[in-house]
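These notes are about the structure you will find just below.
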Amino acid sequence: MKNPMTFPLVVVSNRLPVSFVRDSQGEKVPSLSPGGLVAAVAPSLQGQRAAWVGWDGSDSSDENRLIVDDITLFPVSVSADLRERHYEGYSNTTLWPIFHDVGVSAQFRPEWWDAYRDVNEKFASRAAEVVDEGGIVWVHDYQMMLVPAALRRLRPDVRIGYFHHIPFCEPSILRELPEFAELVAGVSGADIAGFQRDRDSNNFTQAQQDLSGVAGNSKAITYPISLDFEAVSAAASKPRVLEKSMKLRQDWGNPSTVFLGVDRIDYTKGIPERLEAYEMLLTSGAVSADDTVMVQAGSPSRENVSAYQELAARIEGIVARINAQFQSSQGRPAVVYTASNLDRDDMLALFVAADVMVVSSLRDGMNLVAKEFVACDNDESGVLVLSPYTGAADRLVDALIADPTQPGELAAALTEALAMIPSERQRRMRALRDEVKTHDVAWWAGEILGDLASLARKG
Ligand code: G6P
């Protein structure tokens, strides 16, 4: 008989897809948080018996399960000290800069690695307790690279998938890490290791080969992540969103072209490069602050990590410098910058209000913002300027591809976008929308879960 406390499919990620709001009685009520991994994975879990193991974002030591929208969530309690060393330390000050390789140096501390290993062991044990005999465990991202091998030791019967959401750098770079072999062996505990781009899959395969004898043998497969095209497109055409977007354009003085950037405030996103390309156009007189505006919506991220604090200050400095020199005749600054977490409708209204979306990442696993803009552009009038250093660029070939490390090239792409005739905009946007619609998140999750399900059951 099936054990009612175990599940055929278990997802493991650093964060649980949940946030807590207080109800009218002041009780904390959990709800699935929109966006990111949740938006990608949750739709494929609903309707089947699935569980999710992760940290619930609180300091609570309560590990009782929660059931939210059909998904059973198993919170793993992580002490503040452990979390700081695992999340801010090893995950985001060691691994994140190593894998992205954009000139921010990784730092290493033995106590961060200890915490990384401890947290990964904890998550693996929890998953081992709640997965059915022969079930599937799907592990997510660089914060959890040791989980597959740890879980394999505890539960040799289960099928394990790992998905790496960020770039996987060349093995020669990863070798800077003293824990190179353990990390690669950790992922190699998975039957299938999934990546965003072929380049990432190839780098991982190479790293695995370099360690032959140490690591196991995961099969590396490329599965580019996506979003729920129909849901995003429908949400962007809600009257409330359309009204908000018209109001935004009015607030900006109805310029003929709205350029938009939307990112977590992260040094991989190329936010200074984007602002400076726009500044270059203002300075040369190719555009004016009357005719155009650059709207940059940044969401604060990893604010306890010093590289992020430095970047936030640098962006503010650039915005201040540009706006001191350039405003519209009504006094609206050339760059409208916000650094706050917007609610979903406000975010969608920005996408709808924009004419030209500028994605200028220096390195990005996928960049779902590019796909969100495409899904929101129901009237097919927008232009996507896209960095070749994003996973999205592999398939969104009808975007204007511009290298953000070449300021002249990015500025030229902005001018080209501005001047593009409506029929060409429509041709390109239609092709982009077809691509995102065909390869949506259901396709992505279906491919991975299908491949995992077709593996022979063990034991
Ligand atoms: C990237 C990573 C995710 C991470 C997200 C937000 O997309 O691939 O694993 O959750 O950034 O970062 P945060 O540090 O807030 O979890």
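The values are calculated or read from the model by the stated rules, or taken from the named source; none is laboratory data. Note that the structure is a prediction, hence the values are computed from the model and not measured. Here the Cβ is made from the backbone with ideal geometry for all residues, glycine too, and neighbour counts use every protein chain on show. Ligands, DNA and RNA are stripped out before the accessible areas are found, and what is left, the full protein with its side chains, is counted by its heavy atoms. Shrake-Rupley method; radii C 1.70, N 1.55, O 1.52, S 1.80 Å.
Dipole orientation for region 230-438: of the candidates 239, 333, 305, 239 has the Cα lying most toward the positive pole (charges on Cβ; Lys, Arg +1; Asp, Glu -1). Pairing the Cα long axis of helix 441-453 with the longest principal axis of the chain, what angle in degrees results, from 0 to 90 and rounded to the nearest 10? It works out to around 20 degrees. Counting protein heavy atoms only, region 230-438 has 50 percent of its accessible area on carbon and sulfur, 1.4 angstrom probe.
Computed with a 1.4 Å probe over protein heavy atoms only, the accessible area of residue 396 comes to about 0 Å².
Extension gain, residue 60-residue 107: 0.36 nm per intervening residue step, less the Cα-Cα distance, totals 14.0 nm. For the chain, the antiparallel share of DSSP beta bridges with both residues in that region comes to about 15%. Calculated FRET efficiency, residue 421 to residue 320, Cβ-Cβ distance, R0 = 35 Å: about 0.50 to the nearest 0.05. Shown here for region 299-356: chymotrypsin sites (Phe, Trp or Tyr not before Pro) in loop regions (DSSP other than H, G, I, E, B) with at most 14 other Cβ atoms within 10 Å, of which there are none. Separation of the alpha carbons by more than 31 angstrom is noted, of 28/437; 247/437; 122/371; 28/238, for 28/437; 122/371. The order of 116, 389, 267 by accessible area, most exposed first and with a 1.4 Å probe, is 389, 267, 116. The sum of -39500 (n - 2.57) across all DSSP H runs of n ≥ 4, divided by the residue count of the chain, sets its helix-only mean residue ellipticity at 222 nm to -12500 deg cm²/dmol. What figure in square angstrom, to the nearest 10, would you give for the accessible area of residue 362 with a 1.4 Å probe? We get 30 Å² for residue 362. Rolling a 1.4 Å probe over the heavy atoms of the protein chains gives region 12-78 an accessible area of 48 Å² per residue. On a per residue basis, region 230-438 carries 40 Å² of accessible surface, using protein heavy atoms and a 1.4 Å probe. With only the Cα atoms considered, the chain has a convex hull volume of 146 Å³ per residue. With every protein chain in place and a 1.4 angstrom probe, the accessible-area ranking of 29, 137, largest first, reads 29, 137. Across 401, 315, the residue with the most accessible area heads the list, and the full order at a 1.4 Å probe is 401, 315.
Across the accessible surface of region 28-138, with the other protein chains kept in place and a 1.4 Å probe, carbon and sulfur atoms take up 46 percent. Across region 230-438, counting alpha-carbon atoms alone, Rg and Dmax equal 15.8, 47 Å. About its Cα centre, the dipole of the chain is roughly 600 debye, where the only charges are +1 on Lys and Arg Cβ and -1 on Asp and Glu Cβ.
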